[in-house]
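Step one of this worksheet: look at the structure below.
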Amino acid sequence: MREAAFAKQNKDKWLRFENVLRNNIQVSPDELSALYVEITDHLSYAQTFYPKSNTLMYLNGISVLAHQKIYKTKRESRKRLITFYTKEFPLFFAQYQKQLLIAFVTFAIFTVVGAYSAATNGDFVRLILGDGYVNMTLQNIEDGDPMRVYKEMNALNMSLGITINNIRVALMAFAFGLFLSLGTLFIIMRNAIMLGSFQYFFYDQGLLWESARTIWIHGTIEISVIIIAGCAGLVLGNSILFPSTYSRVQSFVRGAKDGVKILISTIPFFIIAGFLEGFVTRHTEMPDWLAIFIIGSSLAFIVFYYVIYPLKLKRKLRLQFDKPNRPELT
């Protein structure tokens, strides 16, 4: 798209956002968040296709003004990584709660499908988990140490291997969004069915609690990362399916960029999950209360960071602009 056409297509949004910022006009947090996200996306697009242009200079000026208004700090650039995780990403992610919910519900449904299939078909577990793993686990159970698989490998090697595998699965869940979101849903479905059959296998052996209190020490974050990566894949796929007012190429670029941001947010969780599986899960002798504490803390933090905190920041943003005696935009 030519620069003139790009500016003509989006100038009303730019002028509206500039007017809101410069005149402290009261708008809803949803609209303000949407305007801010669009401006930053347009800035990235201009940086790529219209370097050194007047359009780029204008958008950069609005973006700087928005940062000053929203974050109110002159040291933002020095703490870019910190503010990305504590402010920028949560506020950005508030707009993708629907995609996160779809990914979660899909995973939950097919986990149940996996457990039900394992319960009604004796060969299903072997089909999904493989004869090698099933036979090894049955032997570990017979030897009195059903969770021995988590103790056999060196802790550091295991941690690194699991981290790399989690990253691989997350990248697949994201990249398969290119197949109009169906590919992402397939990755979510496959992993959910595996989890459901896995848990039923231990239930059938009378080891549901022992397996759950061990596996979910690392699995809480590990499964959450898969669901969040699935959310990123849906953002990518939906950008192709539903371009809205953008051209399909523009929408795809925006969706890809947003999906990558979501993936970047999971990097610390990749590391934490790998550490827990390599160094902590192997301690099956730990008391139940400690295992429950680790699992509960992991779940609480994931829910807080990806659901509660983004919505909280959005409400806070509304309060920052919701000052008395300001004219409302009509």
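Just so it is clear, none of the values below were taken in a lab; they were calculated from the coordinates. Everything numeric in this text was worked out from a predicted model, so none of it was measured. All Cβ positions, even for glycine, are placed from backbone atoms using ideal geometry, and neighbour counts span all protein chains on display.
Here the simple spin-label model places points 7 Å from the Cα toward Cβ, and for residue 257 and residue 279 these points are separated by 3.7 nm. Length gained on full extension, residue 315 to residue 85, computed as 0.36 nm times the residue gap minus the Cα-Cα distance: 81.0 nm.
Using only Cα coordinates, the Kirkwood hydrodynamic radius of the stretch 80-157 works out to 16.6 Å. Modelled label positions at residue 108 and residue 264, each set 7 Å beyond Cα in the direction of Cβ, lie 3.1 nm from each other. Computed 3J(HN,Hα) for the stretch 240-246, one whole-Hz value per residue from the Karplus formula 6.51 cos²θ - 1.76 cosθ + 1.60 where θ = phi - 60°, is 7, 6, 10, x, 6, 7, 7, glycine and proline marked x.
Counting neighbouring beta carbons within 10 Å and listing from fewest to most, the residues 285, 152 come out as 285, 152. Remark: 194, 147 ranked as 194, 147, counting other beta-carbon atoms within 10 Å and listing the fewest first.
The residues 142, 88, 222, 31, when put in order of fewest to most other Cβ atoms within 10 Å, stand as 142, 31, 88, 222. Loop exposure criterion: trypsin sites (Lys or Arg not before Pro), DSSP state outside H, G, I, E and B, at most 12 other Cβ atoms within 10 Å. Applied to the chain, the longest stretch between such sites is 76-330.
Semi-axes of the equivalent ellipsoid for the stretch 156-256, computed as √(5λ) from the eigenvalues of its C-alpha gyration tensor and ordered from largest down, come to 33, 15, 9 Å.
Charge dipole of the chain (Cα centre as origin; +1 on each Lys and Arg Cβ, -1 on each Asp and Glu Cβ, all else neutral): 2200 debye, rounded to the nearest 20.
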